Amino acid sequence: VEASIPEPQRAAWSRNQIQSFTDKDGFEKEVVRHVETTLARSMFNCDESAAYSATSLAFRDRLIKDWNKTQQRQTYRDTKRVYYLSLEFLMGRALDNAMLNVGLKDAAKGGLADLGFRIEDIIGQEHDAALGNGGLGRLAACFLDSLASLNYPAWGYGLRYRYGIFKQEIIDGYQVEVPDYWLDFNPWEFPRHDVTVDIQFFGHVSKTTKDDGKTAAIWEGGEIVQAVAYDVPIPGYDTPTTNNLRLWSSKASGGEFDFQKFNNGDYESSVAEQQRAETISAVLYPNDNLERGKELRLKQQYFWVAASLYDIVRRFKKSKRGWNEFADQVAIQLNDTHPTLAIVELQRILLDIEGLEWDVAWDIVTKTFGYTNHTVLPEALEKWPVGLVQYLLPRHLQIIYDINLYFLQTVEKAFPKDRDMLTRVSIIEESQPKMVRMAHLAIVGSHKVNGVAELHSDLIKTTIFKDFVEVYGPDKFTNVTNGITPRRWLHQANPRLSELIASKCGGNGFLKDLTQLNRLEAHAKDAAFRREWAEIKYANKVRLAKHIKNVTGVTVNPAALFDVQVKRIHEYKRQQLNIFGVIHRYLTLKGMSVEERKKQLPRVSVFGGKAAPGYWMAKQIIHLINAVGSVINKDEEIGDLLKVIFLEDYNVSKAEMICPASDLSEHISTAGTEASGTSNMKFVLNGGLIIGTCDGANIEITREIGESNIFLFGNLAEDVEDLRHAHNYGSHSIDSDLEKVFGTIESGTFGTPHDFSAMIAAVRHHGDYYLVSDDFHSYMETHRLVDESYRNQDEWVSKCITSVARMGFFSSDRCINEYADGIWNVEPLVVQE
Ligand code: CJB
């Protein structure tokens, strides 16, 4: 029961609350206070770790005040809220972001200097919050930043994994996975032990007759696991709006452990039960673009979705509105199919608990949900065995069958003679065993389905969801091209470039309206400006070169062209094409006379990225990159002309250092496979050019920045099918230069050839599914153009400036506004302070 406090009293408390610090001196006082009280240490033995803790706590206090006010304001105004359900939030570090968003980084820098610390060292103390795999999780994090910065009333809901994505070590050239325990000290989360939800699993369904004679389902028995909320404040940039990210942690429902069993001497099983419950939120599944259908993963999904919906419904009910208003107050976005059970859970709540009629409930459900698809790769589309769903969630399976029945009835009416259509669109795949197709369920249960870049949104309409376009018409499907937050990916990652841009764009306004970058265009040919620009790029390269030296021992020349490919390792992303290209470059250099070599442009090829632990081919690719590096980097004939670096444990904070240091970055997926890509945007925004295929957002980047500012190559998506068919049923001759590369690998130049035989066989003998050979020639030719272009530094830098000037479209703010208008129908809640 909440205490009822009279309004005048509340207002008085608000007025009298402790004031937040606003300058260096105030910040210093707060740091000292936290060191001496919260941390119970003395300033005399305050090390960097304690200084990080105290600095974070000082900023956290500020955020909490804004967070409280934001929540009060949203509750009081009772406007529509957005709920973003994502199994991944790849947040990275929070401190730097908080300092910049509240506009007090300079104060902190000065204060820390007074106390004897460098701010970069303090920022570097923080462990990344790495609750995600790659693009999908990072997109969710950028969206949270934009939602808060644009003052949308919005919550994120996710899982509080005890272990995030594993840490990657490279030992003898191989990836080794190390657990990422990140919760030792995390000042950015608030446990809410009072916000708990009981989540039911297993059991059975019985029927009961209600007073009005109708029957209702009752889900009984099974086991209960408790969900405990942990809240993470999400500060907007240059606004007091501070939204909430709520992460659920699992716990045995009986508290510590079952005391009865414990007292009876059955210690082991009482502890085992506790451990079983805690396992649910223990670890993030480390697969990117791959679903493996594990029971624990389904448990995670239901646990998180059920806790989140309980919370959302509880909040809605406080407003005392009728159910007919639910979809006017609540918009829920499904980040991929992982939260699709939310559709079923809401229908269950409305039907079984709230007693609504099926049609009334279903109308509310479909108006509430929107579904974003992030991939067309067949191995990533989620399907769950019917038997597993039946066992874990018996009532939900019944509801899924009913949803399917009513859906198929409408399809049958519209396509009376088309049995195949029914089979194709059914939510249940009539396979052995039968499967629940989550994407079909997500489409049927949502009012809008979107892809994440134009090509991708067209592809889902013409391939995997083609039948659904016939069933629902094209308007249910839409595109929202991805974006990135310029706060983290420019202002935070590249402060000097951000400042230089501000000096030409009339201040920092571009950070909230990225289209203002177009004011830079006028300066692309200004020699003095170009010089300043190039100098910043060089300094960023020096910083990366130092890091490379520290972690690999290899010296690289910052004047060389830095060519970077950092992203998850995947055959479709084609790091193998890149490393084959590097080998070809090496062979070419080796074949040259000393004189000829002197004319060549030095290059550093930088790779980084994790392979899913069970993805054997991806691990081979990592091994080959490292093996090639260890040969080339030692070759004295080659020296600075070519270096190959694999940076271990690529993550968000490393990306913040790497993106600003690239001259060229590689986005070279087989056309039609990369839904959007977002690192392409980060690299261009940081003044690097890109080499890429006509895929995902590369296409829109080209449209915005102009064809002359990007290095495109390779076959087009529309030709991929035919080429694959030809490989399998016609003749398939391998590119002759690529054959030379294969020959070199097979001669043992880079170690035991057998280690790499599967990679070669995939191209030569197994149909070259990813078109490595088809694209090799055009890839190498385009790299030649890159070299040529880089020689003319004035022109190169002009291209970089012009490209940045035209990147306004790729802000996640634009993207969030499109979701808000076209899918959620929500308005910002403007703050009057
Ligand atoms: N994506 O990161 C993932 N994981 C998946 O399982 C499926 C897709 C990526 O999502 C990004 C955000 O939309 C896209 O930019 C990227 O192309 C896609 O692979």
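Worth pointing out:
- For the range 420-534, the fraction of alpha-carbon pairs lying more than 25 Å apart is 51 percent, rounded to a whole number.
- Amide H to amide H distances under 5 Å link Tyr163 with Val283, Leu284, where only residues 5 or more positions off or on other chains count and H is placed in the peptide plane.
- For the range 195-277: relative contact order, % (alpha-carbon pairs under 8 angstrom, 6 or more apart): 23
- Accessible carbon and sulfur surface of the range 556-665 relative to its total accessible area, %, 1.4 Å: 55
- Simple rule: put +1 on each Lys or Arg Cβ and -1 on each Asp or Glu Cβ in the range 378-510, find the dipole, and look at Gly473, Ile501, His456; the Cα lying farthest toward the positive end is Ile501.
- For the range 636-659, backbone nitrogen atoms closer than 13 Å to the point 7 Å from Val594 Cα along Cα-to-C-beta are found at 637-638.
- Think of the chain as having a plus end and a minus end, set by charges on the Cβ of Lys, Arg, Asp and Glu; of Ser679, Phe59, Gly134, Phe59 sits farthest toward the positive end of this dipole.
- Note, ³J(HN,Hα) from phi for the range 58-63, Karplus 6.51, -1.76, 1.60, rounded to Hz, x at Gly and Pro: 4, 6, 4, 4, 4, 4
- Rounded Å value of the spacing that divides the Cα centres of the range 581-599 and the range 522-580: 21
- Computed from phi, the 3J(HN,Hα) profile of the range 722-735 under the Karplus parametrisation 6.51, -1.76, 1.60 (θ = phi - 60°) reads 4, 4, 4, 4, 4, 4, 7, 10, x, 9, 10, 9, 7, 3 Hz, with x in place of Gly and Pro.
- Portion, in percent, of the accessible area of the range 695-833 that falls on carbon or sulfur, probe 1.4 Å: 48
- Its residue count N sets the reference 2.2 N^0.38 Å, and the alpha-carbon radius of gyration of the range 447-510 equals 1.76 times that reference.
- Approximating the spin labels as points 7 Å out from Cα along Cα→Cβ, the Asp755-to-Val195 distance works out to 4.9 nm.
- Maximal additional length on extending the Val360-Leu405 stretch stands at 14.5 nm, based on 0.36 nm per residue less the C-alpha distance.
- Share of carbon and sulfur in the accessible area of the range 186-273 stands at 47%, probe radius 1.4 Å.
- Distant-in-sequence amide contacts of Thr478, defined by a placed amide H-H separation under 5 Å and a gap of 5 or more residues or a different chain, comprise Val449, Asn450, Gly451.
- Remark: the chain carries 40 Å² of accessible area per residue (probe radius 1.4 Å; ligands, DNA and RNA excluded).
- For Lys294, the aspartates and glutamates whose Cα falls under 12 Å of its own Cα, not counting residues fewer than eight places away in the same chain, are Glu382.
- Across the cross-link table entries Lys109/Lys546; Lys512/Lys537; Lys448/Lys504; Lys619/Lys654; Lys541/Lys634; Lys546/Lys610, which are compared at the Cα atoms, the separations over 30 Å belong to Lys448/Lys504.
- Debye log10 I(q)/I(0) at q = 0.13, 0.17, 0.24 Å⁻¹ for the range 480-539, Cα point scatterers: -0.34, -0.58, -1.05
- Relative to the globular-protein estimate of 2.2 N^0.38 Å, the Cα radius of gyration of the range 140-261 stands at 1.53.
- Normalised by residue count, the range 708-787 yields a Cα convex hull volume of 106 Å³ per residue.
- Distribution of pairwise C-alpha distances over the chain, 10 Å bins, in %: 2, 12, 21, 25, 20, 13, 5, 1, 0, 0
- Positive contributions from Lys and Arg (+1) and negative ones from Asp and Glu (-1), summed over other residues with Cβ under 14 Å from the Cβ of Trp384, come out at +3.
- Mean separation of Cα contacts under 8 Å, 6 or more apart, over the residue count of the range 695-833: relative contact order %: 33
- In plain terms, the chain from Glu169 to Gln72 could stretch by 30.4 nm, reckoned as 0.36 nm per residue minus the Cα-Cα distance.
The values are calculated or read from the model by the stated rules, or taken from the named source; none is laboratory data. Everything quoted here is computed from the prediction, not taken from an experiment. Here the Cβ is made from the backbone with ideal geometry for all residues, glycine too, and neighbour counts use every protein chain on show. Each accessible area value is taken on the protein alone, full model and side chains, heavy atoms only, with ligands, DNA and RNA left out. Shrake-Rupley method; radii C 1.70, N 1.55, O 1.52, S 1.80 Å.
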